[in-house]
Every structure is written in structure tokens, then in C-alpha cells.
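First up is the structure itself, then whatever we jot down about it.
FYI, it's all coordinate maths here, none of it is from the lab. These numbers come from a predicted model, not from an experiment. No Cβ is skipped: glycine too gets one built from the backbone with ideal geometry, and neighbour counts run over all protein chains shown.
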Amino acid sequence: MKHFLKETDFGVRELAEVFARARTFKRERGRSGAQPLAGQSWAMIFSKSSTRTRVSFEVGIHELGGRPLFLNKNDIQLGRGETIEDSARVLSRFIHGLIVRTYAHADVERLAAAGSVPVINALTDFLHPCQIYSDAFTAAERWAAPGGDLVAALKGRKIAFLGDTGFNMANSWILGASHFGMKISLGGPKGFEPGPEIRALLKSEGRTEEFQFTTDPYEAVAGADLVYTDVWTSMGQEAEAAKRLALLKPYAITAKLFAAAKPDALFMHCLPAHPGEEVEQAVLDNPRSVIFDEAENRLHVQKAILSLLAGGK
């Protein structure tokens, strides 16, 4: 049984298959086709609020013929009145798959280990693999020749990630870039660099620490094919907001900083964005900003992931 908890849970061939299926789902959306989740119910346990993740998964499960069952943290006894392991064992008797959006990455690992159905990580404080696959697919669509190899289109490309480079989105891009054959440069203040957890994961998988970290935002962006940022204050960090804003202000993606990347560089943000904080409105509105393409592609890529885990063609 397969799970998707981190970017490298799918090998290179499976990555290519996910991208190929996503391309087909996107092209043929609205037409009648195979429904690999027909007759299946997939539960969605969300401890964190969401717009794109929840809607894209619910719609995706429905379009693949399945039934989404949304459960917020107040609906069930997960980790509160019942152990995570027992919840996994019970739910496995009812459902065909589980999608989890929560805080501790260890919780999704425990659910996967104890249950007997596929588990998808829809975000933890450590990693956000569904977002990274969708982002990579979005970039590959722009870089590949029509009908060309999407995975090959990523190889050798440089992504610059600015802001808090020690949190889940940066962690996922560090792991994802290594998996996709991309280069990654991270820019942020001291104290916001990649932490020991992502370094330990890279080591455990036999991957060298190929990422670069710098406190100079222009050095990070120089020669980048893709410039990426995320909000500076994530859920659970609200008490630190003022301090974080002050420290991270030099790493905001301004039009001037974006211009330091390659002339045809793309801009991405996983959304929601805070214009005037981590990015200028002018950058969000730039013709090379693909923020809504990457948001849409969450649907197509997650349908590909769901169909692959369900064993459908």
C-alpha cells in the first residue's frame, strides 16, 4: 500500500505518471472518463482551515467518482479521546483513503503506519507535498515544449525561495528540488534558515545538502527561473507577527528584486498572499505571475495523486 506523505514517496517514474495524469485530467475535464474512485469514500481530516486544499480535494474526489467526507478537528476524537493509532484502525474499516491537514508531521506518519488505507499529507508544519507537486507541474507546463516531457523540463532550473526558509514550504521545496533535479537558493535573515529536521531527512535519504542559503536577497534571486515566497506568519505564529514582519521585510518580493531574476522568470506564491508584506501587488499582477495557474493545478495534480493511490488507470 502506498502513501503520499512527502515529495519523495513517489519515485521518478511515479512522478512522471502523476504529471502525465494531471495533464490529461486538465485537458479532458468535463468529459466523461474513467472514475477510479467510483464507489469509494475518502475522509478529509483538517485541523487547519483551508480554501484551496479543501475545495480542490473535495471537487477532485467527486470528479473521480468518489465521495468526500470532511471532518474537522471538532468532529472526531483523533488524539483527544482516542489514540491516533486507534482512530486510524477504525477509520480504515469505513473508508478507502485518508487526507490529513494538521500540525505535527508525526501525526500523519502515525496514521499511515497504523491504518490500512492510503494516507495523503495535505499539509503539516514540516511539509506540503501536494502544493510542491502542483507548483512543479505549473512551472513545467510553461517550460516544456507542447506535449513534451514535463519532468525533464524541470531539470537544471533554479528556484529562489525568500522569506522564512525554515518552515514547511521551504522544506518541501528543498526536498522537491532535489527530487526534481532543480537547484534551489534560499534567502532570509539569520535564524530563519533551513533547520535540522529537513537536513536530517535529506541525510536519511542519501541526498546531499544541495541547497544554498544566503542573507542577501539579490544573491538568492540572481539567475533564478522561478521566484517563490509565502506568507511570513503562518497559522500558530500569530503572536510573533510584528517581530517577523520587521525581520523579514528586506526579503519582500518587490518589482526591483523580481527584476534581478532571469528576464523570463516566473513568480509563484501558494496563497493567500498579503500584498505589501511578503510581496508587492505589482509582482502579483505581473504577466509572469502564475499564482492562479498553480492554484488551479492543485485540482488536477491531486486528482492524479488520488487516482494513482487508488490503483486506477
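Observations on the structure shown:
- Gyration tensor (alpha-carbon) shape descriptor, segment 158-236, a/c threshold 1.5: oblate
- 3J(HN,Hα) from dihedral phi, segment 285-292, Karplus parametrisation 6.51/-1.76/1.60, rounded to Hz, x for glycine, proline: 8, 4, x, 8, 7, 10, 4, 7
- Distant-in-sequence amide H partners of K183 (H built 1.01 Å from N, under 5 Å): G156, R157, K158, I159
- As a rough guide to protection, the peptides 145-155, 90-100 ranked by mean Cβ packing within 10 Å, highest first, stand as 90-100, 145-155.
- Computed over the chain, the per-residue total of -39500 (n - 2.57) for DSSP H runs of n ≥ 4 gives a 222 nm mean residue ellipticity of -12000 deg cm²/dmol, rounded to 500.
- The C-alpha atoms of the chain define a longest principal axis, and helix 105-114 lies at about 30 degrees to it.
- Based on alpha-carbon atoms, the Kirkwood radius and the radius of gyration of segment 131-292 give Rg/Rh equal to 0.95.
- Both radii were evaluated on the Cα set of segment 205-313; the Rg over Rh quotient, with Rh as the Kirkwood radius, amounts to 1.04.
- Three-way shape call for segment 1-134 based on the alpha-carbon gyration tensor, with the a/c threshold at 1.5: prolate
- Shape of segment 110-191, Cα gyration tensor, a/c cut at 1.5: oblate
- Net charge in the neighbourhood of L127 (other residues with Cβ under 12 Å of its Cβ; Lys, Arg +1, Asp, Glu -1) is -3.
- Residue-wise HN-Hα coupling along segment 258-268, computed from phi with Karplus coefficients 6.51, -1.76, 1.60 (Hz; x: Gly, Pro): 4, 5, 7, 7, 4, x, 10, 4, 8, 10, 10
- Integer Hz, Karplus 6.51/-1.76/1.60 couplings in order for segment 139-156, x for Gly and Pro: 5, 4, 4, 6, 8, 7, 5, x, x, x, 6, 6, 5, 4, 5, 8, 4, x
- Span from the segment 239-313 Cα centroid across to the segment 76-154 one, whole angstrom: 20 Å
- Proportion of all alpha-carbon pairs of the chain beyond 24 Å (%): 52 percent
- Less than 5 angstrom separates the built amide H of L69 from those of W42, A43, M44, all sequence-distant by 5 or more or on a different chain.
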